[in-house]
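One structure below.
The values are calculated or read from the model by the stated rules, or taken from the named source; none is laboratory data. Computed from a predicted structure; not experimentally measured. Cβ coordinates were reconstructed from backbone atoms using ideal geometry, including for glycine residues, and neighbour counts include every protein chain displayed. All accessible areas refer to the heavy atoms of the entire protein, side chains included, with ligands and DNA or RNA removed. Shrake-Rupley method; radii C 1.70, N 1.55, O 1.52, S 1.80 Å.
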Amino acid sequence: MTSSDALTPSGAPTSSGARIPPSGEPPRKAEPPPPGHLDADGSQAGPSDRQLLAARLVPLRRPGRWISAAVLLVLLAMLVNTVLTNRRFQWGVVGDYFLDTSIVHGLELTLWLTAAVMATGYLLGIAVAVMRLSRNPVLGGLSFAFVWLLRSVPPLVQLLFWYELASLYPQLSFGLPFGPAFATVRTAHLFSGVLAAYVGLSLDVAAFSSEIVRGGLLSVDHGQTEAAQALGLGRARILRRIVLPQAMPAIVPASGNLLIGMLKATSIVSVIAVQDLLYSSQLIYNQNYLVIPLLLVATLWYVILTTLLSAVQFLVERSYARGRGRGGGGDRRPARGFRELFRGNVPLFGRGGRELAGLA
């Protein structure tokens, strides 16, 4: 302390304008200057914290985004206009054949084949996934070879092989291994086009679904299983009550994509003369030569079915994601609806799109 400080009396103003409190009084806290207050040097003081918190956030202007969106909308409008006004599409013919008996029959076969293939393929896929996770080297090796082979061969080639099975094996025998046969079946009468499509597509789904299931099971922390075993729970109950519920959020999206892909992949069965949706359209336009309208009929049905399956997939994913946020197991924010997700990813349709996207 200097001599000048010592001579300043208690409560007298100092050179800076502040007052020293009398002896015994606690020092007073300096108050922030009011809005519009000028500093000692004559400069304007900054805004207060309350003013900063009450200020409205102004989003960054992005003219390029709006220009590109306008250009895309114009191109989309041009595309819709040319599709609706081009007489060569023959929308009247499309409407006449949309609910034709042959088309509906092919649609029913497509839906049945998709459901049967997915059910059988997933049952086989779960078994293959369990074999892959087994400690038995024989089971692990066989399941790996099964997945490797079927994922390497295109589905169309598999269908052709199964359809032409009679060329390789005219008959199938059932009996003891390397011993006498008890029953014999001629493959020429056994493997029709529908059965060949069912077997070939089911095996293809089994190969891909096994990897989906295996990846979902591996996504669950092994500590969950160890904790359940410490409580004395059996393996089947651990798998059903602990592992699978936690693995489903990872399995459902890939399974939904596989289902939608299989619905469209059933169109390849038309190569082996299976009367599905596409083949029914082909039979009609081979007679009346209205190729484009009949292809549009099949296309519209595929679009409708895939849209419905996508909506179901979204609802199932939201059901399993309820109570699970993207930030981890501790995040308990409710799942957002489809409209909010759409607006969050396409800011053009809502000013709050960027804010919604920031909540993810």
*Would you point out the residue of region 292-316, among those that are open to solvent by less than 60 Å² (accessible area, probe 1.4 Å) and of a type in the set (V, I, T), that is farthest from the chain's Cα centre (by Cα)?*
V297
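Taking the residues in region 204-218 that are of a type in the set (A, V, I, L, M, F, W, C) and open to solvent by less than 20 Å² (accessible area, probe 1.4 Å) as candidates, determine which candidate is nearest to M248 (Cα to Cα). I'd like the intermediate steps shown before the answer.
Residues of region 204-218 that are of a type in the set (A, V, I, L, M, F, W, C), as a first pass: 205-208, 212-213, 217-218.
Checking the rest, the ones that are also open to solvent by less than 20 Å² (accessible area, probe 1.4 Å) come to 205-207, 213.
On the way: V205: 18, A206: 17, A207: 18, V213: 9 Å.
Among those residues, the one meeting the criterion is V213.
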*Counting only residues that are surrounded by 11 or more Cβ atoms within 10 Å (Cβ to Cβ) and either touching a residue at least 40 places away in the same chain (Cβ under 8 Å) or assigned to a strand (DSSP E or B) (or both), how many does region 153-183 have?*
11
_Enumeration of residues in region 250-266 that are small (G, A, S) and surrounded by 17 or more Cβ atoms within 10 Å (Cβ to Cβ)_ = A250, S255, G256, A265
*Which residues, taken from region 99-135, are crowded, with 19+ Cβ neighbours inside 10 Å and hydroxyl-bearing (S, T, Y)?*
T110, T114, Y122
*How do the pairs read when you match residues in region 239-251 that are touching a residue at least 24 places away in the same chain (Cβ under 8 Å) with residues anywhere that are among the polar types (S, T, N, Q), using Cβ under 7 Å and keeping only pairs 6 or more apart or on different chains?*
V243/Q224; V243/T225; Q246/Q224; A247/S219; A250/S219
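State yes or no: is L142 at pLDDT 90 or above, part of a helix (DSSP H, G or I), within 30 Å of L244 (Cβ to Cβ) and open to solvent by less than 70 Å² (accessible area, probe 1.4 Å)?
Working: at pLDDT 90 or above: yes; part of a helix (DSSP H, G or I): yes; within 30 Å of L244 (Cβ to Cβ): yes; open to solvent by less than 70 Å² (accessible area, probe 1.4 Å): no.
For L142, the condition - at pLDDT 90 or above, part of a helix (DSSP H, G or I), within 30 Å of L244 (Cβ to Cβ) and open to solvent by less than 70 Å² (accessible area, probe 1.4 Å) - is not met.
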*Residue by residue through region 268-291, note down the ones that are open to solvent by 30 Å² or more (accessible area, probe 1.4 Å) and within 27 Å of the chain's Cα centre (by Cα).*
I268, L278
